[in-house]
Structure formats: C-alpha cells, structure tokens
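Have a look at the structure below before the remarks.
What follows is calculated from the coordinates using simple rules that are stated; it is not laboratory data. What you see is a predicted model; the values in this text were computed from it and never measured. Quick reminder, even Gly has a Cβ in these numbers, built from the backbone with ideal geometry, and neighbours come from all protein chains shown.
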C-alpha cells in the first residue's frame, strides 16, 4: 500500500523509487545489513539491506501497553519506517549521519530527533495520498495513528519508564512534536514541506 504513493512521489521528483522489503519477526531477527536485533529494539529500518523490520510483539504492546489499537496505528508504524527508507533513498540519512559523527552528544541527539520527526512527516504524507486515492480511512483511524504517535513519544516513554523526562536524551521527539509533524504531512501531502532540520520551533 505504501508503494503506490512513493512510486508516484518519486516520479514527480524525477527519481525512481526502490521498494523496500518488509520483514515480520518476533523476539529476534538477523539482518543482512544491521546484525542481530531483539524485540527490545522495536520496529526498525536497516539502510544496509533496505529492509523494514516489523516486530509483531510491538504491535501487541501498542495495543495493550500504549492503548493504541487498530489497523491504522499499525499502518502508521510501517509508514514511519518506510519514511526512513525514503530518507535513505534521498540521501538525507547519509548527510545527517556524517553531521552526527562531527557533533557532540546533544547535537547528535537533536539531529536524530529531526530525522525521526521527518519520518513521521513522511508517514503523514503517505496517509494523505492513500486517503485521496482510495478513501480507505474510516472515522477514528487518524485518531488511532495520532494516539500511536503520542504513546511512543520520548517524553511519554520516559515518564512511563522512570517517572521523569530527560529532554537531552530524546532520540525520537516528544509526543506533541511527533503528532505535529505527522499531522503536517497528513494535511499538506507535500514532501517538500518536511524540512524538520531547519524548522524554527524545534
């Protein structure tokens, strides 16, 4: 379902979209480009083999622990990881990675947050176009996706785990930031509106 949207968006940019492979796993998985990963990592994208790894136990947690059930919440997680694939194909990931190597820990973390928020934005762009094309979203679907974004913000996860929040250690952005960028992608549907790196309010 993500392929249609991204094939079209890349064609508009005069590029060819290379579709990633989706790998479903539980407990642990061996990747070709990123070594071993356990379910503690959650869903992730491996640029080395251009595969999206979805941990099925995370979907269970999303429903039970984070109170974000529903198919659209699951689709949002996949769309976010596909967002990282889009960043990889556009050369954004490599550029940020090289900036992180030269930065101190706080700046490297900030860049990581920007990258994650942009993946949220790309997930929103996908949702915008899929709705425009197929009208598949039902009442409550967007709320379900936003609930998932809210539940897995750094501040929400830290508060749940340790009772307090350490902004300097954020890697994915706050719940509010994640919702904001996903919503922006959803509203605009425009890939060019997702420059989280130069956004004035971040």
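Quick look at the values:
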read-out	value
Packing-based ranking, highest mean first, of 116-125, 14-23, 187-196 given that Cβ atoms within 10 Å are counted	116-125, 187-196, 14-23
Label-to-label distance, nm, for residues given as residue 31 and residue 101 (7 Å Cα→Cβ offset)	1.8
Peptides 74-84, 103-113, 174-184 ordered by average Cβ neighbours within 10 Å, highest first	74-84, 174-184, 103-113
Label point distance in nm, residue 61-residue 22, each placed 7 Å from Cα along Cα→Cβ	2.0
